[in-house]
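Below is one structure, written out as structure tokens; comments come after it.
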Amino acid sequence: MEFVVTTVQHPSPAVTDLARKIAVKLSAPFVARSRYSLAAIRKQYNVSGLIVAATDGPVVHTDDGEYFFHLSMAELRIKNLINGKHDHMITAMGLAAGMSVLDCTLGLATDAIVASFVAGEAGKITGLESSPVIALVAELGLQHFVGEANQKYDITSALRRIKVENADFNHYLEALPDNSFDIVYFDPMFRNPIYKSSNLNPIRSLADKRPLGIAAVKQACRVAKRKVVVKEAAGSREFERLGITTTTGGKYSSVQYGIIDCFSKINGGGQIWND
Ligand SMILES: C[S@@+](CC[C@H](N)C(=O)[O-])C[C@H]1O[C@@H](n2cnc3c(N)ncnc32)[C@H](O)[C@@H]1O
């Protein structure tokens, strides 16, 4: 999708500076907003994608709607964890403080934020995202968004600890040494999207929709010390296709987590993905 970058009307110098930097990073034209409407800019440049820099960061406009960085369900999930409830993704990962996670499909970074909160200051979270626009929005949001100040939990520092790479996991995994992360996580775009109630709808046209390949899962098992976790729609045939036999998730949940245990390989054991 072609984009142009502009600002809100009457931008501060900082907002104009942000818009110019985004334009350079995405190799997209920068258009001074002046008094033009967004519709007029779209028409003049014949693009469906617009990125509008504002004080709180960029807002991305596509035919699917608009989106900007926000905590989405991450805040509620973190509150639930603090209140002793369990989170299916964290349980599937077996994630604990000090562990490292490679989130191969960063998207809106909701899962990465929850993982970062649990892994804590001694942990390490890296998020990969192949869409340049999605990666940019996540990176800026994770660097600048300030969460509600609270004595019980500090979401803002959890955001700051996440490292974002605009990369395709297929290539990135190949270049990593063996056992370099505790957990490797995939949440690819579902083969049968759940459109209703999906917070992914605004990024659908920007997202990389290729299916997760068996080669990438094999690489992930080489890279992961403990587990490879794959999120998929409940009832999907993807787990079967990928040879994943262990799944977990809520009984009535629309998603499930497939788990490949890699721990056995460092204990001399074998499992299907370690050739
Ligand atoms: C379902 S979303 C992930 C949502 C994310 N777990 C969250 O909590 O917001 C999938 C994301 O993975 C990205 N993606 C798909 N294939 C990829 C690949 N090969 N490398 C990197 N990112 C990829 C898509 O562009 C999309 O943004």
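Bear in mind these aren't lab numbers, they're just calculated from the coordinates by the rules spelled out. Just so it is clear, the structure is predicted and the values come from calculations on it, not from any experiment. Glycine gets a Cβ as well: all are built from the backbone with ideal geometry, and neighbour counts include every protein chain shown.
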Q. Taking a threshold of 29 Å on the Cα-Cα distance, which of the pairs 25/85; 21/43; 124/218; 152/209; 85/227; 79/227 fall above it?
A. 25/85; 152/209
Q: Just order 71-81, 239-249 by mean Cβ neighbour count inside 10 Å, highest at the front, would you?
A: 71-81, 239-249
Q: Determine which aspartates and glutamates satisfy two conditions relative to residue 251: a Cα distance under 15 Å, and not lying fewer than 8 residues away in the same chain.
A: 87, 232
Q. How far is helix 13-26 tilted off the main Cα axis of the chain, in degrees rounded to 10, range 0 to 90?
A. 60 degrees
Q: Please give the calculated 222 nm ellipticity per residue for the chain, where each DSSP H segment of at least 4 residues contributes -39500 (n - 2.57) and the sum is spread over every residue; nearest 500 deg cm²/dmol?
A: -9000 deg cm²/dmol
Q | Hull volume in cubic angstrom per residue (convex hull over the Cα atoms of region 4-45) | A | 52 Å³
(Q) Of the candidates 109, 135, 122, which one comes out as most mobile in a Gaussian network treatment of the chain with C-alpha springs shorter than 10 Å? (A) 122
Q) Expressed in nm to one decimal, what extension gain is obtained for the pair residue 174 and residue 91 from 0.36 nm per residue of sequence separation less their Cα-Cα distance? A) 27.2 nm
Q) Any idea what log10 I(q)/I(0) is at q = 0.12 Å⁻¹ for region 4-158, Debye with uniform C-alpha scatterers and no solvent? A) -0.59
Q: Just subtract the alpha-carbon distance of residue 237 and residue 35 from 0.36 nm times their residue separation and send over the number in nm, one decimal.
A: 67.6 nm
**Q.** Alpha-carbon centroids, region 120-148 and region 33-98: separation in whole Å
**A.** 11 Å
Q: Using the 2.2 N^0.38 Å rule of thumb for compact globular proteins, work out how region 74-266 stacks up: its C-alpha Rg over that value, please.
A: 0.96
(Q) Multiplying the sequence separation of residue 14 and residue 246 by 0.36 nm and subtracting their Cα-Cα distance, what value in nm do you get? (A) 78.6 nm
Q.
Under the rule of at least 5 residues apart or a separate chain, name every residue whose amide H is placed under 5 Å from the amide H of residue 125.
A. 101, 163
